[in-house]
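Below you'll find the structure, written out as structure tokens, and then a few comments.
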Amino acid sequence: MSIGLQHVGIRFRAGVEALRDVTLEIGRGEFVAVVGPSGCGKSTLLSAIANLLDPADCEVVGGILVDGAAPGTKSRRELNLGYVFQRDALLPWQTIEQNVQLGLVIRGVEPGVRRERSRAMLDMAGLTGFERYYPHQVSGGMRQRAALMRTLAYDPQVILMDEPFGALDAQNRMLLQSELLRIWQASPRTILFVTHDLAEAIVLAQRVVVLSRRPGAVKAVYDIALPYPRDAFALRGSAEFGRLETTIWQALRDEFRATLPDAVVA
Ligand SMILES: Nc1ncnc2c1ncn2[C@@H]1O[C@H](COP(=O)(O)OP(=O)(O)OP(=O)(O)O)[C@@H](O)[C@H]1O
Ligand SMILES: [Mg+2]
């Protein structure tokens, strides 16, 4: 499934213009990362693609197509779209295992298959042994891993990810980046991945989109010509990675500069 954004602008009625004139084509099976300063509209963009914005709250202009289908249409409702929210958004009254199975329950997958699938996902996320715990009984990082696995469990063809590894420590972050790379390389699906971590964006994605400060607009798009399969650990030491990081940071730095006092961003 592809994602097509044409001249998308979003203005919240409370007064904030979040995005302006965003045009971006994401091909079927493509992995694209979006970086940009806090408050530039990254989460808003994902919500718009998933058709989760409340029209009473904001005005949306431009075209937002997923697999060629406009929001609210029947073909759009039938799409298998996954969303990993910036906050983990687990159901507090369900166990970790039930949470991971949620998408499968909604899709009517039978209990045996569901259990097998969620066990495999929990194992992958290092959550084996915590199946019967409730979200408040595990750490923030564990909740985030469970939320990621809940989405991957039902195998969506488009996955919107909003800083899915934000609450993880550096080591777990790299492990899950490797895991996500492995899953995507084995069966490419369309991924739009929002992160504040430039290194993460470069390690994972085929293209990195830099959004400007609010109202977020596409400032630059970089092709990441690093071959797959990629090794999330080894890549960080390579000369090409360093070159890309330096180049993209130059574009990004100016946008951060404008949102922070001079002394903070050297
Ligand atoms: N429901 C809403 N009503 C009014 N304003 C909103 C709403 N949601 C977001 N905004 C505003 O839109 C702007 C963009 O917010 P958004 O959450 O998309 O930023 P972001 O790029 O995801 O930031 P961060 O990196 O901190 O998560 C912000 O100024 C925010 O205050
Ligand atoms: Mg956000």
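One table, with the values for the structure above:
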{"read-out": "Residue within region 92-107 that is more than 16 Å from ligand 1 (Cβ to nearest atom), surrounded by fewer than 12 Cβ atoms within 10 Å (Cβ to Cβ) and within 24 Å of G166 (Cα to Cα) present", "value": "yes"}
{"read-out": "Single condition V16 does not satisfy, out of (1) within 15 Å of the chain's Cα centre (by Cα); (2) modelled with pLDDT of 95 or more", "value": "(1)"}
{"read-out": "Pair list, Cβ under 9 Å, 6 or more apart: region 65-83 residue modelled with pLDDT of 90 or more, other residue surrounded by 14 or more Cβ atoms within 10 Å (Cβ to Cβ) and among the aromatic types (F, W, Y)", "value": "G82/Y154"}
{"read-out": "Strands (runs of 3 or more DSSP E) (entirely within region 1-101) containing at least 3 residues that are within 16 Å of ligand 2 (Cβ to nearest atom) and in the same structural domain as F193 (by TED's automatic domain parsing)", "value": "31-35"}
{"read-out": "Flag for G36 being more than 30 Å from R182 (Cβ to Cβ), small (G, A, S) and touching a Leu at 6+ places or on another chain (Cβ under 9 Å)", "value": "no"}
{"read-out": "In region 50-64, the residues that are modelled with pLDDT of 95 or more and buried (at least 16 other Cβ atoms within 10 Å of the Cβ)", "value": "C58, V60, G62, I64"}
{"read-out": "Long-range neighbours under 8 Å by Cβ, at least six apart or interchain, first residue under 15 Å from I159 (Cα atoms) within region 38-60, second part of a helix (DSSP H, G or I) and more than 15 Å from ligand 2 (Cβ to nearest atom)", "value": "N51/R76"}
{"read-out": "Per-region count, region 25-56, residues near ligand 1 (Cβ under 9 Å from one of its atoms) and in contact with a Phe, Trp or Tyr (Cβ under 6 Å, 6 or more places away or on another chain)", "value": "1"}
{"read-out": "Selected residue (criterion: farthest from ligand 1 (Cβ to nearest atom)) from residues of region 136-169 that are more than 15 Å from the chain's Cα centre (by Cα) and free of Cβ contacts under 8 Å to residues at least 40 places away in the same chain", "value": "Q137"}
{"read-out": "Residues that are modelled with pLDDT of 95 or more and small (G, A, S), drawn from region 37-46", "value": "G41, S43"}
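A quick yes/no check of all residues on (1) under 19 Å from F193 (Cα atoms); (2) at pLDDT 95 or above:
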{"site": "V210", "(1), (2)": "yes, yes"}
{"site": "G216", "(1), (2)": "yes, yes"}
{"site": "V221", "(1), (2)": "yes, yes"}
{"site": "D231", "(1), (2)": "yes, no"}
{"site": "F241", "(1), (2)": "yes, yes"}
{"site": "I248", "(1), (2)": "yes, yes"}
{"site": "A263", "(1), (2)": "no, no"}
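The values are calculated or read from the model by the stated rules, or taken from the named source; none is laboratory data. Since the model is a prediction, treat every value here as computed from it, not as a measurement. Virtual Cβ from ideal backbone geometry, glycine too; neighbours counted across all protein chains shown.
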